[in-house]
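Notes follow once the structure below has been shown.
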Amino acid sequence: MQQARDELTQNLAERLCWQVARRDDRRIARRLYRKQVVDGVYRLDEGAVLDDFFHFLQAVGVMTLLEQAHGAAIQREMVPFVQYVLLYGVKILFGIESMNALPSVLFSDEALMQLVGFNAQQVRQGICQRGTTKRQGARSPGPICPDTLAKNIVKWNLQDLEVVFNGSIRALAKAGVFGAKVTGIADGTDLETTEHYTGCGHVTRRVRLEDKQGQVHAIEVTVHGWKVLVLIEAATKIPLAVKVGKIHEHEALWTRALVTQARMNLAGAARLHKVIFDKGFLDGSTLWWLSQQGVTFVVPAKAKMAVVVDARAQTVVGEDIAVGRRVHTVRHGQGRTACTERLETEVVGITGLTTYDQYGTPEHGRQHNRHDFQPHPINAVVVRQWQGKNYGPGGKTVFLTNASVAEPLQPFDDDDDRSLIENCCITEAKQPWDLGHPPQKSERAVRVHVMFTLVMFALATAYRLQCEREAIGGEPVGWQRWRRQLREQTRDKVIVFAEGHYGIFHLAEYSLLLGVTLKDIPPAIGSRQQVLAKYRLPAQG
């Protein structure tokens with residue numbers, strides 16, 4: 001006799017005990033209506049975030065990528081590797097810094113653990129009973145111990161992890177998260193560690209310190225760690241490409257790899273047409289390569305470069321230049337003492353500068369001393385005045401670009417966007433998203449943690465943007481505020497698990513399905529007949 005689908009699902013859940021739970025409100029409503037046994041009923045709070053988030057991952061195709069993940073050199077797999085991935089992803093989402101904090105703040109939450117595939121018995125008794133007789137004191141709550149998660153997640157094959165990251169960005173691009181023309185912002189940040197991290201790089205730098213007497217001293221310090229390089233999309237702040245190098249490696253070594261990977265991830269859905277760089281990425285041959293690829297660039301030049309001296313000199317002369325001005329009015333004080341101040345910004349656009357010898361192929365740059373050398377022209381924008389601060393006729397900061405400078409405020413504004421990466425991606429990843437606490441003190445652990453954290457950052461940002469677009473009359477809110485609002489919206493709901501599935505119901509809805517008579521029913525829920533009709537259940541049960 002052929003087994004029923006419910007029986008097959010139940011056998012799979014009972015024998016494997018780690019199937020990732022799937023949402024099916026109607027199935028669970030039917031069990032409640034028939035007074036059948038369920039695995040557990042829990043108050044819905046953070047589970048609401050994971051529930052909708054997992055649905056989003058499933059809809060865009062990312063969950064399939066995560067389910068295909070596997071670890072390297074795992075001899076015996078007691079838990080499918082995808083569960084380590086989901087569990088570590090939940091840790092990242094909740095911003096839990098210490099691995100030792102997991103048992104009390106995450107592993108003990110049966111509802112959350114069931115969402116990532118562990119059943120109630122595993123949460124209470126653990127996956128493995130080895131060493132139970134030798135244990136002194138009570139066991140830590142949860143299906144596994146923190147060390148088990150740390151040891152297994154760092155075994156994630158790094159190439160497979162890159163596939164997950166790049167596949168996730170491609171999925172978001174295909175889903176229409178980005179516009180047709182994308183502006184990228186590139187920047188790097190140091191991820192400092194101690195010398196005890198195996199495989200870390202180190203660099204010696206001069207730092208200026210002020211003593212108690214106000215005297216400034218320059219000293220040399222050695223810093224250990226890695227460098228995280230990110231190319232993000234300017235509008236959404238979602239990372240398009242990520243690389244991790246040693247802390248002593250120069251940013252310019254990674255520019256082409258970042259741009260190439262970002263273009264591949266956007267291919268077919270969007271086009272990377274402009275990139276704004278930090279000064280650390282400045283490299284003439286790379287800028288020339290970008291120009292040949294049809295990519296517009298804007299990058300601040302270094303003060304001692306010949307092209308900077310040339311640009312400032314032409315700004316003073318004032319011939320064949322385009323001037324852009326903007327006035328920003330600022331209000332100070334209140335009431336009778338209130339006053340306004342006009343802050344002016346003035347920039348100058350200069351075309352065809354030929355004093356950047358390195359702007360070309362490496363071979364072209366090596367020929368700059370020859371008498372027949374033909375330099376490639378490049379454009380510049382010189383900041384003469386910024387928000388009321390006047391830098392004189394020759395200006396101060398100089399931006400190099402291959403874009404038109406007929407409207408010089410445009411490249412200037414493009415570079416202003418570059419500072420957003422520090423506040424909207426790198427800083428947020430290093431602090432609330434806990435980029436600086438890998439599960440182990442090794443190079444592999446750092447790379448896995450950084451890459452996967454930025455994967456989750458990208459997916460969570462895309463998910464939040466979708467929620468904001470769908471909200472009627474809603475306005476963009478910060479991540480923490482949005483999560484708090486979601487908890488407020490779901491505080492009267494419960495999540496019910498049964499046979500590897502779960503359903504989410506309002507408390508009144510849950511009570512009506514069980515046959516409880518309610519005098520005060522929220523208008524949004526409706527009568528018991530309406531609830532039964534919603535889940536296609538007969539009026540009499």
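Structure notes:
- Selection status of Ala186, open to solvent by 10 Å² or more (accessible area, probe 1.4 Å), closer than 27 Å to Ala234 by Cα and not in a loop (DSSP other than H, G, I, E, B): no
- Of Ile421, Ile378, all but one fail to be crowded, with 20+ Cβ neighbours inside 10 Å and either at pLDDT 95 or above or among the basic types (Lys, Arg) (or both); the exception is Ile378.
- Considering Arg384, Arg331, the condition of being open to solvent by 70 Å² or more (accessible area, probe 1.4 Å) and of a type in the set (D, E, K, R) is satisfied by Arg331 alone.
- Restricting attention to segment 499-533, the residues that are touching a residue at least 40 places away in the same chain (Cβ under 8 Å) and either open to solvent by 60 Å² or more (accessible area, probe 1.4 Å) or of a type in the set (Ser, Thr, Tyr) (or both) total 2.
- Residue in segment 199-219 that is modelled with pLDDT under 95, of a type in the set (D, E, K, R) and open to solvent by less than 20 Å² (accessible area, probe 1.4 Å) present: no
- When the residues of segment 404-414 are filtered to those that are buried (at least 18 other Cβ atoms within 10 Å of the Cβ) and among the hydrophobic types (A, V, I, L, M, F, W, C), the one that is farthest from Glu233 (Cα to Cα) is Val405.
- Residues that are in contact with a helix residue (DSSP H, G or I) (Cβ under 9 Å, 6 or more places away or on another chain) and either open to solvent by less than 50 Å² (accessible area, probe 1.4 Å) or at positive phi (or both) within segment 314-328 comprise Asp320, Ile321, Gly324, listed in sequence order.
Residues checked against (1) at pLDDT 85 or above; (2) of a type in the set (Val, Ile, Thr); (3) over 21 Å from the mean Cα position of the chain (by Cα):
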{"position": "Met99", "(1), (2), (3)": "yes, no, no"}
{"position": "Leu102", "(1), (2), (3)": "no, no, yes"}
{"position": "Ala138", "(1), (2), (3)": "no, no, yes"}
{"position": "Lys151", "(1), (2), (3)": "yes, no, yes"}
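- Of all residues in segment 220-247, those satisfying the criterion of being crowded, with 22+ Cβ neighbours inside 10 Å and either among the small types (Gly, Ala, Ser) or outside any strand (DSSP E or B) (or both) are Ile238, Ala241.
- Selection from segment 334-358 of residues that are of a type in the set (D, E, K, R), in contact with a strand residue (DSSP E or B) (Cβ under 7 Å, 6 or more places away or on another chain) and surrounded by fewer than 16 Cβ atoms within 10 Å (Cβ to Cβ): Glu341, Arg342, Glu344
- Complete set of residues in segment 102-122 that are in a helix (DSSP H, G or I), under 14 Å from Ala498 (Cα atoms) and open to solvent by 40 Å² or more (accessible area, probe 1.4 Å): Gln121
- Test: residue in segment 439-447 that is modelled with pLDDT of 80 or more, part of a helix (DSSP H, G or I) and open to solvent by less than 20 Å² (accessible area, probe 1.4 Å): yes
- Selection within segment 492-514 - more than 14 Å from Arg30 (Cβ to Cβ), in contact with a Leu (Cβ under 8 Å, 6 or more places away or on another chain) and not in a helix (DSSP H, G or I): Asp492, Lys493, Val494, Ile495, Gly500, Ile504
The values are calculated or read from the model by the stated rules, or taken from the named source; none is laboratory data. Just so you know, these numbers come straight off a predicted model, no measurement behind them. Because the Cβ atoms are built from the backbone with ideal geometry, glycine has one as well, and the counts that use them run over all protein chains shown. Each accessible area value is taken on the protein alone, full model and side chains, heavy atoms only, with ligands, DNA and RNA left out. Shrake-Rupley method; radii C 1.70, N 1.55, O 1.52, S 1.80 Å.
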